[in-house]
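The values are calculated or read from the model by the stated rules, or taken from the named source; none is laboratory data. These numbers come from a predicted model, not from an experiment. Note that each Cβ is placed from the backbone with ideal geometry, even for glycine, and that neighbours are counted across all protein chains shown. The area values use the complete protein model at the heavy-atom level, side chains included, leaving out ligands, DNA and RNA. Shrake-Rupley method; radii C 1.70, N 1.55, O 1.52, S 1.80 Å.
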Amino acid sequence: MWPTFIRYRPCLGCLFFLLTYALSAAAQCEHYPWVAVWPNEHTTTIQPRQLFLLSAGSFSNARSGFRQLGRQIPLYLRSTHDSVPLRVLERPVNPQSSDMQLLLQPVRPLLPDTLYSLRYAISDDSYRNLFRMRRARAGSKQLVPVYRWRVAATPDTEAPRWTGTPAMVRREYSENSEGINNYVLFSGPVQDDSPVLVRATIWSARLAAPVISYLTLWQNQLGIGWFTCGGDFTFQWNETCTVAFEALDAAGNRSTATGRPIAFRAPSKPKAEPTITEEPAARPAAPKK
């Protein structure tokens with residue numbers, strides 16, 4: 001998952017593909033130092049059994065500490081009268097990816113209509129800047145992560161609904177001043193009352209095990225591959241792959257897009273530009289005698 005932890009500086013005419021991670025040749029990859037969290041700090045409401053996706057990309061200072069999250073560094077949600085640990089549901093191992101991801105969920109339901117904040121227990125000062133921080137309260141010197149949300153009074157119990165089978169809508173290989181684009185876009189015909197993550201499982205004959213990556217929808221599309229500054233899969237030219245999509249809503253309800261994996265081809269090798277050679281200048285004709 002790439003858009004959430006890489007910042008992009010736009011330029012005129014650039015085409016953006018922003019969460020786990022695409023951008024055009026004229027854009028620049030910028031440094032983003034923290035662990036990215038889904039849902040982000042601008043989300044106001046979460047579910048009692050909310051899913052949380054944490055990500056750290058190749059441009060993040062937090063990569064070394066990220067491996068300790070959910071292990072030596074416990075994570076929990078705290079309110080005025082409650083404290084709920086987060087358990088690790090999945091830590092995808094993806095040798096094809098520049099990203100690291102971690103899927104978590106509260107060990108028990110959060111209290112409805114209650115304000116919780118993300119906290120983590122740590123004694124090592126070198127890991128204190130894993131998350132973007134704010135002051136705990138006005139005038140306080142204590143810093144805590146910026147993430148805090150109110151729990152919905154009524155939980156979402158309906159699984160995401162796929163209104164069709166995802167289909168490939170675009171594939172591209174191109175080179176630019178910052179790197180390469182080597183990706184495939186699929187349609188994402190899925191609906192739900194709460195935000196949705198999509199778990200993509202990708203198979204390739206050259207790999208011993210499938211690759212797993214969590215995606216977010218962008219303009220109802222799902223992107224797999226490499227997007228200049230990062231990505232979740234490195235395609236070989238025109239190779240045949242298959243992918244299975246499973247939607248997970250914020251409450252943890254799940255549904256698969258189709259009963260069998262979807263076959264597709266990776267981007268093709270670009271054609272070489274024709275070499276233009278200049279014709280030698282014609283010699284002037286000899287003067288007539």
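A few comments on the model shown:
- FRET E, pair Glu239, Thr163, Förster distance 25 Å, beta-carbon r, rounded to 0.05: 0.25
- P(r) histogram, all alpha-carbon pairs of region 27-155 included - 5 Å bins from 0, percent: 2, 10, 19, 23, 21, 14, 7, 3, 1, 0
- Calculated FRET value between Asp82 and Thr256, using beta carbons and R₀ = 25 Å, to 0.05: 0.15
- Environment charge at Arg78 (Cβ cut-off 12 Å; Lys +1, Arg +1, Asp -1, Glu -1): +1
- Accessible heavy-atom area order of Trp237, Trp149, highest first, probe of 1.4 Å: Trp237, Trp149
- Separation of alpha-carbon centers, region 184-201 and region 45-81, rounded to whole Å: 22
- Low-density loop cleavage sites - trypsin sites (Lys or Arg not before Pro) in region 124-178, where at most 12 other Cβ are within 10 Å (DSSP): Arg137, Lys141
- With a cut-off of 12 Å between beta carbons, the residues surrounding Asp193 carry a summed charge of -3, where Lys and Arg count +1 and Asp and Glu -1.
- Calculated log₁₀ intensity ratio I(q)/I(0) where the Debye formula runs over C-alpha points of region 101-237, q = 0.20 Å⁻¹: -1.21
- Efficiency of FRET between Lys271 and Asn176 - r from beta-carbon atoms, R0 25 angstrom, step 0.05: 0.90
- Accessible surface of region 92-163 [probe 1.4 Å, protein heavy atoms]: carbon and sulfur percent: 49
- Summing charges over all other residues whose Cβ lies under 13 Å from the Cβ of Arg119, with Lys and Arg as +1 and Asp and Glu as -1, gives +3.
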